[in-house]
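Reading through the structure tokens given below for one structure.
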Amino acid sequence: MLMSLRSIWAVALFLAAGADPLFNLMPSDGVPPGWQRSGKERLFIGAALYRHINGGAELYHQNGFDRLAVQDFAKADHEVRVEIYKMNDPAGANAVFAETTAGMAVQTLFGQACVLDDYQILFQRGAYFVSLTTYESGAEPSAALAALAAKIDAAMSDPGR
């Protein structure tokens, strides 16, 4: 019952406040040049995460999941999905990052730690775990992944946000 009341309260606050501040971390249209937001921004709070990643949501909930903002970006036939997970604290975001990237080569190009490959960039900064994914390899999507990740990372690093 308490969880239901918290969920209702969170949704009520969201509706009263307008757009969730998590979306302020998303790059605007034209980052990178020619890329635009595609589709609606989506917000998942609490148990609603299961609607987005059924079967994978447990990892996030076990580590203090707060909310998830999702936005797609596109240019011509290229697409990138950006997911910004807000956890209750940095330890939770670090645990999700560690579990998700186990066995992969960790770098520090983005966030406090990141993993890059031809199809995705995963990084953790503070209480945030960020996933950027494309479904095709090539110069255009790879450059978009990097530009979007850099813009999000810079927004998270800005103490005024």
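The values are calculated or read from the model by the stated rules, or taken from the named source; none is laboratory data. Model, not experiment: these values are computed from the prediction. Here Cβ is always computed from backbone atoms with ideal geometry, including for glycine, and neighbour counts include all displayed protein chains.
Odds and ends about this structure:
- Considering the stretch 102-161, the residues that are more than 15 Å from the chain's Cα centre (by Cα) and among the charged types (D, E, K, R) include one that is farthest from PRO32 (Cα to Cα), namely ARG161.
- Residues located in the stretch 107-135, provided they are among the aliphatic types (A, V, I, L, M) and exposed (fewer than 15 other Cβ atoms within 10 Å of the Cβ): LEU109
- Selection from the stretch 24-57 of residues that are without any contact (Cβ under 8 Å) to a residue 24 or more places away in the chain and either in a strand (DSSP E or B) or closer than 18 Å to ALA143 by Cα (or both): SER28, ASP29, GLY30, PRO33, LYS40
- Residues in the stretch 103-161 that are within 21 Å of ASP72 (Cα to Cα) and of a type in the set (Ser, Thr, Tyr): TYR119, TYR128, SER131, THR133, THR134, TYR135, SER137, SER142.
- Subset of the stretch 84-106 [surrounded by 19 or more Cβ atoms within 10 Å (Cβ to Cβ) and either assigned to a strand (DSSP E or B) or acidic (Asp, Glu) (or both)]: ILE84, TYR85, LYS86, MET87
- Here is the figure for the stretch 28-37: residues that are modelled with pLDDT of 95 or more and surrounded by 15 or more Cβ atoms within 10 Å (Cβ to Cβ) total 2.
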